[in-house]
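Following: one structure in structure tokens, then a few remarks.
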Amino acid sequence: MNTILKIENLSKTYQSAGKTLTVLDKVSFSVEAGSTVAIVGPSGSGKTTLLGLCAGLDRSSQGIVELNGIALEGLTEDQRAQVRNQHVGFIFQNFQLLPTLTALENVMVPLELRGEKNIKARALDLLDKVGLGHRHHHYPAQLSGGEQQRVSLARAFSNQPKILFADEPTGNLDAETSEKVVNLIFDLNREAGTTLILVTHDLDLAAKTQRILKVKGGHLVSDEMVGQFGG
Ligand code: ADP
């Protein structure tokens, strides 16, 4: 197995009003490169926290996260940002596009950060892939939710990430738009061999992945292979 993500005894606690709140408790699993994984569980069970730790957006209280062989714990903020920029793509429920930039400029940001060349042509290419090349000059507020999520998908794939983290990617979309966005996510995953880890409460979406991890009360309570239909 070619492991892209390894989590060992991962815990996250918060201090609040003199008490310690444990939101993740000794979670361990590994993810194979190129596979598709859904993290499900009740609201407040720690899914978003887990995703943020796996993606290096947040720091664990204890335990190990190894992303593409790189241990994140000992890194500075800058080093972790660099790892994210090189290996990771994100999409979020609320899209998180920069409102003052056009669709094209939003997709260009990660390419600029990496100091790449021909970024305008490449960003246009990515927007074409998600069916929005003709809307490249539009600002997020001029686009529907589904269109904004497609822009954020183009942005997420702009650095050719080894792993895409998606937090409730269809949470703000109607059923029809959700289906289109989901198909696009899996198409891009297949085409580029990108590992996909998504948090969702949509069990139909979870069933499209190869593996479902269930989190409850900060614990990993089940880890099931869904079968040959995933991804
Ligand atoms: P889920 O994604 O499953 O809904 P979260 O990971 O967002 O769950 O949250 C898990 C728990 O951690 C919740 O009880 C939440 O209130 C708590 N939590 C998240 N962030 C913080 C924080 N910064 N400070 C204190 N508690 C937090």
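No lab work stands behind these numbers, since they all come straight from the coordinates. Not measured: the values here are computed from a predicted model. Heads up, the Cβs are rebuilt from the backbone with ideal geometry, glycines too, and the neighbour counts pull from every protein chain shown.
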* Structure fact -> Each label sits 7 Å from Cα toward the beta-carbon; between Asn68 and Glu32 the label points are separated, in nm, by 2.1 nm
* Asked: Which whole-Hz couplings ³J(HN,Hα) result when phi for each residue of the range 117-127 is put into the Karplus expression 6.51 cos²θ - 1.76 cosθ + 1.60, θ = phi - 60°, listed in order with x for Gly and Pro?
  -> 9, 6, 5, 5, 4, 5, 5, 5, 4, 5, 5
* Quick one: Karplus J couplings for the range 70-86, per residue in order, coefficients 6.51, -1.76, 1.60, θ = phi - 60°, nearest Hz, x for Gly and Pro? -> 9, 6, 7, 4, x, 7, 6, 4, 5, 5, 5, 4, 5, 4, 4, 5, 8
* Structure fact -> Ranking Ser152, Leu101, Leu5 by how far each Cα lies towards the positive end of the charge dipole of the range 3-225 (+1 on Lys and Arg Cβ, -1 on Asp and Glu Cβ), the top one is Leu5
* **Folded to 0 to 90 degrees: helix 103-113 orientation relative to the chain principal axis, Cα** => 60 degrees
* Once you've got the Cα coordinates, tell me which of Lys26/Lys208; Lys26/Lys162; Lys12/Lys208; Lys162/Lys214; Lys129/Lys162 are over 21 Å apart. => Lys26/Lys208; Lys26/Lys162; Lys12/Lys208; Lys162/Lys214
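Report, to one decimal in Å, the Kirkwood hydrodynamic radius for the range 150-231 based on all distinct Cα pairs. Could you put the intermediate results ahead of the total?
Working: mean 1/r = 0.0745 Å⁻¹.
Hydrodynamic radius (Kirkwood, Cα pairs) of the range 150-231 is 13.4 Å.
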* To do: Enter the angle in degrees (range 0 to 90, nearest 10) between the Cα long axis of helix 175-192 and the first principal axis of the Cα atoms of the chain, meaning the one along which they spread out most.
  => 90 degrees
* **Degrees, to the nearest 10: 145-157 long Cα axis against longest axis of the chain** => 80 degrees
* Structure fact -> Placing each pseudo-label 7 Å from Cα in the direction of the beta carbon, Asn118 and Met225 end up separated by a distance in nanometres of 4.0 nm
* the range 106-207: C-alpha gyration tensor shape, a/c 1.5 cut-off, then a/b vs b/c -> oblate
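Could you give the length gained on full extension between Asp128 and Arg59, defined as 0.36 nm per residue of separation minus the Cα-Cα distance, in nm?
So the extension gain works out to 21.3 nm.
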* How far apart, in nm, are two points set 7 Å out from the Cα along the Cα-to-Cβ line at Leu101 and at Ala17? -> 4.0 nm
* To do: Please list, in chain and number order, the residues 5+ apart from Val199 or on another chain whose amide H is under 5 Å from its amide H, with Hs placed from the backbone.
  => Ile39, Ala166, Asp167, Glu168
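Gain in length, Lys216 to Arg190, computed as 0.36 nm per residue apart minus the alpha-carbon separation, to one decimal in nm? List each step's numbers first, then the result.
Numbers: separation 26, 0.36 × 26 = 9.36 nm, distance 2.98 nm.
Full-extension gain reported as 6.4 nm.
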* Asked: Per q in 0.09 1/Å, what log10 I(q)/I(0) does a Debye calculation on the alpha-carbon atoms of the range 1-150 return?
  -> -0.38
* Asked: Rounded, prolate or oblate: which fits the range 45-112, taking a ≥ b ≥ c as square roots of the Cα gyration tensor eigenvalues, rounded meaning a/c under 1.5, else prolate when a/b beats b/c?
  -> oblate
